[in-house]
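The structure appears right after this line, and notes come after that.
The values are calculated or read from the model by the stated rules, or taken from the named source; none is laboratory data. This structure is a prediction, so every number in the text was calculated from the model and none was measured. Cβ placement follows ideal geometry from the backbone for every residue including glycine, while neighbour counts extend to all protein chains displayed. Keep in mind that these areas ignore ligands, DNA and RNA; they rest on the heavy atoms of the full protein, side chains included. Shrake-Rupley method; radii C 1.70, N 1.55, O 1.52, S 1.80 Å.
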Amino acid sequence: MPKQAFRRDRISTGYRELRARQAEAAASAAEHRRHRTRLLARQIIAAHGPALVVEDCDIRTWYRLWGKRLSQTTPGLLISALERECQAAGGRLVRASTWSTALSQHCLCGERMKKTLRDREHKCIACGLTGKRDLVSAALAAFVRFTDVDDSKAAYLDTTASRHAQITFSEGLEEALRESTAPSQTTACGAGRVAVPRQRRTAVPSNPG
């Protein structure tokens, strides 16, 4: 048992200075993350427009799987920035329930395939479509419809439209889903570096044409 309350302890000047420097560094890193997140949100809206659909999922599951890798730029911080930027641009960010859409469990052809969160590659046994799981889900988000945009559970996947797009764009669509074509910027190591979960790599055959 301490002889007196901790609030009555005498703190040395050196300790006070060290604590102040640590608080300043933490505040600077947090502001750097917020600034970079705002820039990233503006880049996304500039490329894809102010009307966006995101999955209304439990981000806590991601932290249990990837932990500190998400601490540099949190998904929740990015979604909040996207929502503000969409409103500023005259659009809206809407959330679609994962229970009613299950984007990661569907293919563009309409076939449903069960995947775990660790499965990062999409391989459809029905139509043969292969690609990055997240890219396929992002493509499917373009075909999410709502009976009530204020209710995430009112979202559903229009598989007829997605199948029509798959037939129309054919090989070009599959090539785009294998690897992201979005421009990326190299970020220096430090407080603003984005922590990306490590994914399993698969060999992609080169297209001689």
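Data table
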| quantity | calculated |
| --- | --- |
| Heavy-atom SASA rank of Ser80, Ser162, Ser104 (probe 1.4 Å, accessible area, largest first) | Ser80, Ser104, Ser162 |
| Shape of region 16-100, Cα gyration tensor, a/c cut at 1.5 | oblate |
| In Hz, Karplus ³J(HN,Hα) per residue of region 120-136 (6.51, -1.76, 1.60; θ = phi - 60°; x = Gly, Pro) | 9, 10, 9, 9, 8, 7, 8, 10, x, 5, 10, x, 5, 4, 5, 5, 5 |
| Ratio Rg/Rh, restricted to region 62-101 and using Cα atoms, in which Rh is the Kirkwood radius | 1.09 |
| Rg(Cα)/(2.2 N^0.38 Å) for region 74-181, N = residue count | 1.12 |
| Rounded to whole Hz, the Karplus (6.51, -1.76, 1.60) HN-Hα couplings of region 76-86, x for glycine and proline | x, 5, 5, 5, 5, 5, 4, 5, 5, 5, 5 |
| Sequence-distant residues sharing a close amide H with Gly131 (under 5 Å, placed H) | His122 |
| Sum of side-chain charges, Ser97 neighbourhood, beta-carbon under 13 Å (Lys, Arg +1; Asp, Glu -1) | -3 |
| Carbon and sulfur %, accessible surface of region 136-175 computed with the full protein complex present, 1.4 Å | 51 percent |
| Those lysines that a straight Cα-Cα span of less than 23 Å connects to Lys115, excepting residues fewer than 8 apart in one chain | Lys123, Lys132, Lys153 |
| Thr116 accessible area, assembled protein chains, probe 1.4 Å, Å² | 80 Å² |
| Under the Karplus curve 6.51 cos²θ - 1.76 cosθ + 1.60, θ = phi - 60°, whole-Hz ³J(HN,Hα) for region 57-65, x wherever Gly or Pro sits | 10, 8, 5, 4, 5, 5, 5, 5, 8 |
